[in-house]
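Asks: Can you read through this structure? Questions will come right after.
Coordinate-derived values only; no laboratory data. Because the structure is a prediction, the values reported are computed rather than measured. Because the Cβ atoms are built from the backbone with ideal geometry, glycine has one as well, and the counts that use them run over all protein chains shown.
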Amino acid sequence: MVLVLVMVLAYLTSLLIFKHTEKRAFRLRRNFVRIAIKVLGIKMQVKGKPYDGIALYTCNHRSFSDPIISSLFIDTYVIAKAEVADIPVLDRGARLTGVIYVKRDNKSSRHATREKMVEVIKSGLNVLVYPEGTVNHKALCLPFHKGTFIEAAKNGFTVIPMALEYRDELDLWYKRSFYHQMFRQFGKWRTEIKFEIGPPMTSDDGIALSEEVEEWTNKKIIEMNTGWSRVFSYKD
């Protein structure tokens, strides 16, 4: 949190001289992430490469730290829960470096979010969405929300699925406050993560596209947990 505060203040000061642009904001986020993963003791095994073009990225959702991982490899606007705006320093950093807030239980908010997503992608910027709609501690993905994929199919967007998994159950965010989770997750010496960027997927059928992405993600989660000496005993 101190690192976020320092980098946000440094960036805001730089705006006295330089103009705010998405390119500068994404560079700020990536520089923050490069330092943060070392501070937090994150060790990663990575497969796949970012798509060479503009796309809608998707990923399963395990903890608040998920965007930190993906931001090291791709520059995207992130669709996040509106509750993040209640965390002052983190919210400021998120707004500076690209976030689209959505109120999960508000139908008009979800609709406005999808409209904003389409606008951002058409403007030439990537968007990352967590189609489960919330963090998930269970073995496989929660059913994906279809709206995002219907919009992607309607507008001819390329979808790039991603999958990540944490080795330790302590890293899964389940019924805890943000600060409780942060100290629980990063109070240990090492956090091991597997992360994979998948192949481009397109379809003119949003439902079929959603099912294809969800199936790929679940398959990768199973693969990632295979071979680890400790296996999650997932709660129901």
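Asks: Could you please rank TRP189, TRP216, TRP228, placing first whichever residue has the fewest other Cβ atoms within 10 Å of its Cβ?
Replies: With the sparsest Cβ surroundings first, the list reads TRP189, TRP228, TRP216.
Asks: How much length is gained if the chain between ARG176 and LYS19 is pulled fully straight, taking 0.36 nm per residue apart and subtracting their Cα-Cα distance, in nm to one decimal?
Replies: Result: 52.7 nm gained on full extension.
Asks: Follow-up. Convert each backbone phi in the stretch 125-139 into a coupling constant with the Karplus relation 6.51 cos²θ - 1.76 cosθ + 1.60 (shift: θ = phi - 60°), then list the ³J(HN,Hα) values in order as whole Hz, x for Gly and Pro.
Replies: Values, residue by residue: 10, 6, 10, 10, 10, 9, x, 6, x, 6, 5, 9, 9, 7, 4 Hz.
Asks: Against the globular-protein guess of 2.2 N^0.38 Å, express the Cα radius of gyration of the stretch 2-225 as a ratio, rounded to two decimals.
Replies: 0.98
Asks: From the residues ILE17, ILE54, LEU209, which one has its Cα farthest along the dipole of the stretch 2-225 in the positive direction, the dipole being from +1 and -1 charges on Cβ of Lys/Arg and Asp/Glu about the Cα centre?
Replies: ILE17
Asks: Hey, could you pull the Cα Rg and Dmax for the stretch 3-48, both in Å?
Replies: Taking only Cα atoms of the stretch 3-48, I get Rg and Dmax of 13.1, 40 Å.
Asks: Can you tell me the FRET efficiency between ARG190 and LYS154 if r is taken as the Cβ-Cβ distance and R0 is 30 Å, rounded to the nearest 0.05?
Replies: Efficiency computed from Cβ-Cβ geometry: 0.10.
Asks: If I model a spin label at LYS43 and HIS137 as a point 7 Å from the Cα along the Cα→Cβ vector, what separation in nanometres do I get?
Replies: Those two pseudo-labels are separated by 2.5 nm.
Asks: Which of rounded, prolate or oblate describes the stretch 155-230 when judged by the alpha-carbon gyration tensor and an a/c cut-off of 1.5?
Replies: Working: a/c = 3.01, a/b = 1.95, b/c = 1.54.
Since a/c reaches 1.5 and a/b is larger than b/c, the shape of the stretch 155-230 is classed as prolate.
Asks: Long-range amide H contacts for THR158: which residues qualify at under 5 Å (H placed 1.01 Å from N, peptide plane, sequence gap of 5 or more or a different chain)?
Replies: Long-range HN contacts for THR158: LEU56.
Asks: For LYS47, enumerate residues with amide H under 5 Å from its amide H, sequence gap 5+ or separate chain, H modeled in the peptide plane.
Replies: Hits under the 5 Å cutoff: PHE195, GLU196, ILE197.
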